[in-house]
Amino acid sequence: MTPIIDNNGIQIADFTDVLTDLELNYKEVYGDDIDLSQNTPDGQKIGIEAKVISDFNEFALALYN
């Protein structure tokens, strides 16, 4: 999920990848039966976290460029 800088430049995860990673991490902690749909508080929290991380990744890309 963190930006990677190598010989090819900077590589960042997009919003969808960040969201998927967060969902997998939450399911590891709370179990597969956790409801992460967008209309639940947990799903909304994860969506907000994914948006913040994605925005920081895009900022890192802009700063690098």
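Averaged per residue, what accessible area in Å² does the chain show with a 1.4 Å probe, protein chains only?
Counting only protein heavy atoms, the per-residue value for the chain is 74 Å².
May I ask you to order 5-15, 51-61 by the average number of other C-beta atoms within 10 Å around their residues, highest value first?
Highest-to-lowest ranking by the protection proxy: 51-61, 5-15.
Classify the chain from the C-alpha gyration tensor, please: rounded if a/c falls under 1.5, else prolate or oblate depending on whether a/b exceeds b/c.
prolate
Can you show me the helix-derived [θ] at 222 nm for the chain, built from DSSP H runs with n ≥ 4 at -39,500 (n - 2.57) apiece and divided by the number of residues, rounded to the nearest 500.
Taking each H run of at least 4 residues, the total per residue is -21000 deg cm²/dmol.
Considering only protein heavy atoms and a probe of 1.4 Å, how much of the accessible area of the chain is carbon and sulfur, as a whole percent?
54 percent
The values are calculated or read from the model by the stated rules, or taken from the named source; none is laboratory data. This structure is a prediction, so every number in the text was calculated from the model and none was measured. All Cβ positions, glycine included, derive from the backbone under ideal geometry; neighbour counts span all protein chains shown. All accessible areas refer to the heavy atoms of the entire protein, side chains included, with ligands and DNA or RNA removed. Shrake-Rupley method; radii C 1.70, N 1.55, O 1.52, S 1.80 Å.
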